[in-house]
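Trainee: Dropping the structure in here first, questions after.
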Amino acid sequence: MKVYIKEEEFDVEIGKSIGEVFCGLNYDSSLIGATINGELTDLFHIVRENDKLVPVFKDTELGLGLIRHTAAHVLAEAVQAVYPETKVTIGPVIENGFYYDFFSERNFTEEDLLLFEKKMQEIIDQELPMSKKSISKELALKEFNKMGESFKEEIIEGFPPGEKISLYYQNKWFDLCRGPHVPNTSYIKSFKLLSVAGSYWRGDENRESLQRIYGTAFFSRKDLKKYLALLEEAKKRDHRKLGKELNLFSITDEIGPGLILWHPNGATIRRIIEDFWRDEHVESGYSLIFTPHIAKADLWETSGHTEFYSENMFSPMDIDSSKYLTKPMNCPFHIMIYKSQLRSYKDLPVKFAEIGTVYRYERSGVLHGLFRARGFTQDDAHIFCTLEQIEEEVEKVINLTTKFLNAFGFKDYEIFVSTKPSKYVGSDDEWEQATNALKNSLASKSLNFAVDEGGGAFYGPKIDLKIKDVLGRSWQCSTVQVDFNLPKRFDLNYISRNNDRLQPVMIHRAIFGSFERFFGILIEHYAGAFPFWLAPVQVKILTVSDEQFDYSDFLDEIFRKLKIRVEIDKRNEKLGLKIREASINKIPYVLTIGKSEVENNTVSVRKYGGEQLGELKISEFENIMKNEKMEGLL
């Protein structure tokens, strides 16, 4: 029979596995798996007539995924070898590693992780082949019931009647799994168990509590060492740790999980970002609006939120015999402002922008500082336009987005265009025109993008932009989404040139995603050492003794007239201590003033990081400040 390898035709015997096919073609041991008709699989998959094969080698992302999947299975066997009463649940590959969830009466510790690692290495050293076996649903249920693996039974019960169940074996130990895997355990060359966390079975906090062990695996110890160093650096930059140290924000049990208190330092940075955001949007032709935090439940029924999004909404409240809900999104409010008057084609596009706080019920297990909160503020905007105006308006959004991201130090990003899914609203012609408009808007800016075929929302195609921070980590922030659904649900229209009532297209657009999340990214990107224009305190004046108090007040007045954010430390403490504290607080410029500086009308200047600029005249330091302010947004 014929198969195709990298589009080249080959004759192979019926019943051959992928591994046997490639072995016959003299592929070396770096081969680790393959894709068959675009789907990743392992080497013992049996090929069929006209299959299209592409080899997968070590030192590739796909190959790394295979190794990590197998490492998750080895972890599960190791845990049950150390603590046989443990029940296994699921163990998927995730970005940068894998995890496995376990049910056990024992609380796993850091010491347990070392035991598990030792047992994993023993399994790996045995070079156990990974083999696949397919059995009936009934037999699978019987096997896992016999072992007391109730979680696996529940998974199998959800499979359709008559479906074959695949098991993967490593020696006698086996696991319910669709695969794929590496040929044997020895392919796992370098691994590390990272942490233990709590989780719930199937993400339901009303179900059994589980213990999740996170791990990672690489092709070499060098790669693992590099990754672990990155994790250590990430820990130092953790926005929750720095948020407390720099007095930026807090989250307390008294207020409630997922609800943010912005402290003066954090609020100062937020105000700077918001002012910049507002000024740029007004200049770009947006009308700034404000909307309520709650609305009648009927509004959310019209929008479809209560039907499709209710699990993420807080419980309704009764007010004047009507039910109200806190808003999870700003969209319906913007729509109602659009509907408040008759619109003509001459008015389009109509562009509303709002810094709007929304509330979403997030499970306690997924809350994560500023990154995942229950109350957060979106930099939200909606554009109501014609189908023909999409390309031009999206191009303007892209221009504004890249300007914002560059201003905050993000110049490296990935862009994805998501196209029509299997279920959608709107006509095929509308989808094609809207999708082409998104692609053309990016092409006109010479921006590279990948296409996520079928990845669009049911209501329209979209652009997603992921920024990369200083550590090379990707963060989903900006999004542009075309919507054919809400204009129809709310019966939006405008009067056309021919005096017809036509439905506008709605474009959802956010640059930061939310101020909270973006602020968390900024904290970690800069490790809390914000650039001068964002720093909550830009200049700290340190006095040597009370003899410099008057001079420090004089300097304070000068800098405030320049709109420099300045603080004076007049405490009766040693100068070295004051300097260290200013460094810990990551103040961009620290000025020390003693007897000499008062007599010479100068300041001694130290930059964050330890660079000494020496004793400068006040006018010289003023010029430095003016240049810093000018360069801030360039």
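Just so you know, all these numbers are worked out from the coordinates, no wet-lab data involved. In this text the structure is predicted, and so the values were computed from the model without any measurement. Cβ sites come from the backbone with ideal geometry, for glycine too, and all protein chains shown count toward neighbours.
Trainee: Can you return the lysines within cross-link range of K16? Criterion is Cα-Cα under 16 Å, with same-chain partners fewer than 8 residues away left out.
Mentor: Straight-line reach from K16, under 16 Å: K2, K52, K132.
Trainee: Next question, about the same structure. Each residue of segment 64-79 in turn: what ³J(HN,Hα) in whole Hz from Karplus with 6.51, -1.76, 1.60 and θ = phi - 60°, glycine and Pro shown as x?
Mentor: 5, x, 5, 4, 5, 5, 5, 4, 5, 5, 4, 4, 4, 5, 5, 4
Trainee: Across every pair of different alpha-carbon atoms, what Kirkwood hydrodynamic radius in Å does segment 427-527 reach?
Mentor: One decimal place: 15.9 Å for the Kirkwood radius.
Trainee: For a Förster distance of 60 Å, can you work out the FRET efficiency between the beta-carbons of K164 and S284, rounded to the nearest 0.05?
Mentor: 0.60
Trainee: Which whole-Hz couplings ³J(HN,Hα) result when phi for each residue of segment 342-348 is put into the Karplus expression 6.51 cos²θ - 1.76 cosθ + 1.60, θ = phi - 60°, listed in order with x for Gly and Pro?
Mentor: Whole-Hz 3J(HN,Hα) from phi for segment 342-348: 6, 10, 10, 4, 5, 7, 7.
Trainee: Tell me, what is the FRET efficiency for D204 and S422 to the nearest 0.05, using R0 = 25 angstrom and their Cβ-Cβ distance as r?
Mentor: Step by step, r from the Cβ atoms, then E = 0.40.
Trainee: Just need log10 I(q)/I(0) for segment 63-226 at q = 0.08, 0.13, 0.16, 0.17 Å⁻¹, Debye formula, equal scatterers on the alpha-carbon atoms, no solvent, rounded to two decimals.
Mentor: With no solvent term, the Cα-only Debye profile gives -0.22, -0.60, -0.92, -1.04.
Trainee: Rounded to the nearest 500, what is the 222 nm mean residue ellipticity of the chain from helices alone, with -39500 (n - 2.57) per DSSP H run of 4+ residues and division by all residues?
Mentor: -10500 deg cm²/dmol
Trainee: Determine one quarter of the surface area of the Cα convex hull of segment 1-81, which equals its mean projected area, and express it in nm² to one decimal.
Mentor: Details: hull surface 23.8 nm².
Spelled out: convex hull of the Cα atoms, projected over all directions, averaged, 6.0 nm².
Trainee: Report the local net charge at S190: Lys and Arg +1, Asp and Glu -1, summed over other residues whose C-beta lies under 14 Å from its C-beta.
Mentor: Numbers: positive: K58, R68, K189, K192, R221, K222, K225, K226; negative: D59, E117, D125, D223.
Summing Lys/Arg as +1 and Asp/Glu as -1 gives +4.
Trainee: Please check which bits of segment 283-324 a label hung off R489 would reach, taking the label as a point 7 Å along Cα-to-C-beta and the cut-off as backbone N under 12 Å.
Mentor: 298-310
Trainee: Now for a separate question. Between T252 and E122, what is 0.36 nm times their sequence separation minus the Cα-Cα distance? Round to one decimal in nm.
Mentor: Result for the pair: 42.3 nm of gain on full extension.
Trainee: So, one more: Taking segment 539-631 as the region of interest, what is the percent of Cα-Cα pairs per 5 angstrom bin, listed from the shortest bin to the one with the maximum distance?
Mentor: Result returned by the calculation: 3, 14, 27, 28, 20, 6, 1, 0.
Trainee: Would you mind computing, in nm to one decimal, how far apart the modelled labels at S150 and T109 are, each placed 7 Å from Cα along Cα→Cβ?
Mentor: 2.8 nm
Trainee: Do any of K236/K574; K244/K411; K119/K172 go past 20 Å between their Cα atoms, and which? All intermediate terms of the calculation are to be shown ahead of the outcome.
Mentor: Details: K236/K574 28 Å; K244/K411 28 Å; K119/K172 15 Å.
From the list (K236/K574; K244/K411; K119/K172), the Cα-Cα distance tops 20 Å for K236/K574; K244/K411.
Trainee: Calculate how steeply helix 137-146 sits against the longest principal axis of the alpha-carbon atoms of the chain, using the helix alpha-carbon long axis, and give the answer as 0 to 90 degrees to the nearest 10.
Mentor: The helix 137-146 is inclined about 80 degrees to the chain.
Trainee: Under a plain spin-label model, where a point goes 7 Å from the Cα along Cα-to-Cβ, how far apart in nm are K411 and N184?
Mentor: With each label placed 7 Å out from Cα toward Cβ, I get 5.0 nm.
Trainee: Based on the Cα atoms of segment 524-577, what semi-axes does the equivalent ellipsoid have, where each is the square root of 5 times one gyration tensor eigenvalue, given in whole Å with the largest first?
Mentor: Semi-axes (√(5λ), whole Å): 24, 16, 5.
Trainee: Of all GluC sites (Glu not before Pro) in segment 548-598, which ones are in loop regions per DSSP and have a Cβ with at most 16 other Cβ atoms within 10 Å? Mind showing how you got there, number by number?
Mentor: On the way: sites: E557, E567, E573, E581, E597; in loops: E573.
Sites meeting the loop and neighbour criteria: E573.
Trainee: Sticking with this one: What is the spin-label model distance, in nm, from E157 to L577 if the labels are put 7 Å beyond Cα along the C-beta direction?
Mentor: The modelled label-to-label distance comes out at 6.5 nm.
Trainee: Among S303, Y338, G285, pick out the residue whose Cα is farthest towards the positive end of the charge dipole of the chain, where Lys and Arg carry +1 and Asp and Glu carry -1 on C-beta, about the Cα centre.
Mentor: So the residue furthest toward the plus end is G285.
Trainee: So if we plug the beta-carbon distance of R501 and I319 into 1/(1 + (r/R0)^6) with R0 = 30 Å, what FRET efficiency do we get, rounded to 0.05?
Mentor: It comes to 0.30.
Trainee: By how many nm would the segment from E245 to F10 lengthen if fully extended, with 0.36 nm per residue of separation less the alpha-carbon distance?
Mentor: Here the segment from E245 to F10 would lengthen by 78.3 nm.
Trainee: Explain nothing, just compute: Karplus ³J(HN,Hα) = 6.51 cos²θ - 1.76 cosθ + 1.60, θ = phi - 60°, for every residue of segment 404-418 in order, whole Hz, x for Gly and Pro.
Mentor: 4, 5, 4, 4, 9, x, 10, 10, 10, 8, 10, 10, 10, 9, 9
Trainee: About the Cα centre of the chain, how large is the charge dipole given +1 on each Lys and Arg Cβ and -1 on each Asp and Glu Cβ? Please answer in debye to the nearest 20. It would help to have the intermediate numbers written out before the result.
Mentor: Details: 83 positive and 97 negative charges, 125 e Å.
The dipole of the chain has a size of about 600 debye.
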